[in-house]
1. Taking a ≥ b ≥ c as the square roots of the eigenvalues of the Cα gyration tensor of the range 77-136, is the shape rounded (a/c under 1.5), prolate (a/b larger than b/c) or oblate?
2. Compare the Cα positions of Ile100, Trp47, Val122 along the charge dipole of the chain (+1 at Cβ of Lys, Arg; -1 at Cβ of Asp, Glu; about the Cα centre) and return the one farthest towards the positive end.
3. Can you work out the FRET efficiency for the pair Ser99 and Glu125, with r the C-beta to C-beta distance and R0 = 30 Å, to the nearest 0.05?
4. Using a simple charge model, +1 on the beta-carbon of Lys and Arg, -1 on the beta-carbon of Asp and Glu, nothing else, what dipole does the range 41-142 show about its Cα centre, in debye to the nearest 20?
5. Which net charge results for the neighbourhood of Val122, defined as the other residues with beta-carbon distances under 9 angstrom from its beta-carbon, given Lys and Arg at +1 and Asp and Glu at -1?
6. What nm distance separates the two modelled labels at Thr60 and Ser22, each placed 7 Å from Cα along Cα→Cβ?
7. Sorting Ser39, Ser107, Ser84 on the 10 Å Cβ count, fewest up front, what's the list?
8. Amide H of Tyr16 versus every other amide H placed in the peptide plane: which residues, excluding those fewer than 5 positions away on the same chain, fall under 5 Å?
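Readers should treat all values here as calculations from the given coordinates under stated rules, not as data from a laboratory. None of these values were measured; they are calculated from a predicted model. Glycine gets a Cβ as well: all are built from the backbone with ideal geometry, and neighbour counts include every protein chain shown.
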Amino acid sequence: MHLLEPTFLVTYGDSYLPFDYSAPLRDLVAHPEALGTMSVFQNDGAWDRSNSAVQGDLVTRYQKGGDGAGLHFIDYGALALRSSVIAGRGAERPFSLESIQSELASSGKLRAHEVRERFYEVGSEAGIRDLEAKLALGPISG
């Protein structure tokens, strides 16, 4: 883990995110009690199945899959983490980003950075067309 900064940002490769990428990092640095800050969007099942519960400034539950019952937010695709969270994990102990998000949420160590503008999934032709239509309307605010 010596190659990582003490805090770093993980993003999804199939999403266009119109927001300030440094905001979750600034939030994490400002809250030393937290181990991560997840950008979230109040989705209510609109763009994909909601997978997160948020109370105040914390993500209290993260559940990928399932029916999304009781979950109104979706992870936005940008997660700030402390390098200590993944220290000791790796080839000897495989892990997933999903398991880290679930663990941090259930332990009360995952902060929520709420984003106001939706994400654009660009991993499919339909998603790319959706983003192209939005971009044709003019600049996306962030």
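1. Numbers: a/c = 3.50, a/b = 1.93, b/c = 1.81.
Verdict is prolate for the range 77-136.
2. Ile100
3. Working: r = 30 Å, r/R0 = 1.02.
Calculated value: 0.50.
4. Details: 12 positive and 14 negative charges, 73 e Å.
Dipole of the range 41-142, to the nearest 20 debye: 340 debye.
5. Working: positive: none; negative: Asp14, Glu121, Asp130.
Charge balance near Val122 sits at -3.
6. For Thr60 paired with Ser22, the spin-label model returns 3.3 nm.
7. Working: Ser39 27, Ser107 9, Ser84 12.
In order of increasing Cβ crowding within 10 Å: Ser107, Ser84, Ser39.
8. Long-range HN contacts for Tyr16: Tyr120, Glu121, Val122.
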